[in-house]
1. May I ask you to derive the FRET efficiency for residue 224 and residue 318 from their Cβ-Cβ distance with R0 = 41 Å, giving the value to the nearest 0.05?
2. Cα centroids of the range 300-338 and the range 143-177: how far apart, whole angstrom?
3. How much mean residue ellipticity at 222 nm does the chain get from its helices, if each DSSP H run of length 4 or more adds -39500 (n - 2.57) and you divide by all residues, to the nearest 500 deg cm²/dmol?
4. Per-residue HN-Hα couplings for the range 22-30, Karplus 6.51 cos²θ - 1.76 cosθ + 1.60 at θ = phi - 60°, whole Hz, x for Gly and Pro?
5. Work out how much length residue 56 to residue 2 would gain on full extension: take 0.36 nm times their residue separation and subtract the Cα-Cα distance, in nm to one decimal.
6. How much length is gained if the chain between residue 258 and residue 151 is pulled fully straight, taking 0.36 nm per residue apart and subtracting their Cα-Cα distance, in nm to one decimal?
7. Could you tell me which of the pairs 99/206; 259/281; 62/206 are separated by over 27 angstrom between their Cα atoms in the structure shown?
8. Quick check: Cα centre of the range 1-78 to Cα centre of the range 258-279, how many Å?
Amino acid sequence: MREALFYKKEGERVICTLCPHRCSLRDGQIGACGVRVRNGDKLHTLVYGKLASIAVDPIEKKPLFHFYPSKQILSIATVGCNMFCKFCQNYTLSFFDGKGKTLNIYGQDVMPERLVEIAISYDSMGIAYTYNEPTVFYEFIKDTSILMKQSGLKNVWVTNGFIEEEAQLSLKGLVDAVNNDLKFFSDKKYKKYTGGRLRPVLETLKRWKKMGVWLEVTTLIIPEVNDDPAEIDDIIDFILNELGDETPWHISRFHPHFKMANHYPTPPITIRKIRERALEKGLKFVYSGNLWGDEGENTYCPNCGKLLIKRTGYNIEEYNIMNSKCKFCGYKISGEGL
Ligand code: SF4
């Protein structure tokens, strides 16, 4: 067990200040994420170096489409999550056995130094903190990220964006790229389907930009839940006005899962229409997700319209960017390592 970095004592309570839940804990109590516990006047993380998942993935799987295309990245997770999504695709990690009841967290012990060695041995461009929510294993990521930067490697977050400002800002210079979900544009729906809230996520998204981190945004489109044109327009407007028209937006198709196993999958036409709408409104890079072989997986030049990157799933089949510019018209394509 390691001492947590963000908490404070207020009267009889110890308050975790890592994420906007701000769990107020009695002695011995475990936070809502299932992986932080109060011990006396201190707060401890239960998942420092406790890896529950490790794999090498293409960077496209995160998804990041404008960050070192086709490179491989070591991807890791612990258990635990600070959201409780009814449609969670990794619920065995986020809602692990005994969540909130046990201090005995499963996972293989791997310390930061060893993890960096593993990344290098796999010739990985970096490490992606993914599969479960990185915020809940913050201390381990921070220590690892410092070593990664010293080795010239990249740190990537795949996150729900539910993190407090101080914790996020203290990652400045330690995060290179982020895929951050924007699941709904409704506080009510955030609460109902995820247990989170909208406003903190919007603030997190804006801060990544200010921190100079490469940002891509993902929205899982669930039929009759968040496919309403007005809500879609709100998301598009937020990205356009607050994050910039060159911010890639991934719109993913929902498949029945977890507590929403009886809900029907998103019809492909819905994804295609939303993509068209976003392009019409001015977003330059809009991608369909979970729609294998769809034209929306490709990157097109916003200036001349020519095909820049042809993708099928995570594979790149054609590549027409040179020195970060469209090979045909010279238009500068936003991103890193293009
Ligand atoms: S990180 Fe965990 S313990 Fe801390 S406030 Fe969030 S849910 Fe609660």
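1. Details: r = 36 Å, r/R0 = 0.89.
Efficiency, from the Cβ-Cβ distance: 0.65.
2. 27 Å
3. Numbers: 8 runs with 77 residues, N = 338.
Value at 222 nm, helices only: -6500 deg cm²/dmol.
4. Result, rounded to whole Hz: 6, 4, 9, 10, 7, 4, x, 7, 9.
5. Values: separation 54, 0.36 × 54 = 19.44 nm, distance 2.71 nm.
Taking 0.36 nm per residue and subtracting the Cα distance, the gain is 16.7 nm.
6. Numbers: separation 107, 0.36 × 107 = 38.52 nm, distance 3.90 nm.
Working it through step by step, the gained length comes to 34.6 nm.
7. Numbers: 99/206 31 Å; 259/281 34 Å; 62/206 20 Å.
As for pairs spanning more than 27 Å Cα to Cα, those are 99/206; 259/281.
8. 30 Å
Here, each number is a calculation from the coordinates, and none is a lab measurement. Everything quoted here is computed from the prediction, not taken from an experiment. Counting neighbours? That spans all protein chains shown, and the Cβs are built from the backbone with ideal geometry, glycine included.
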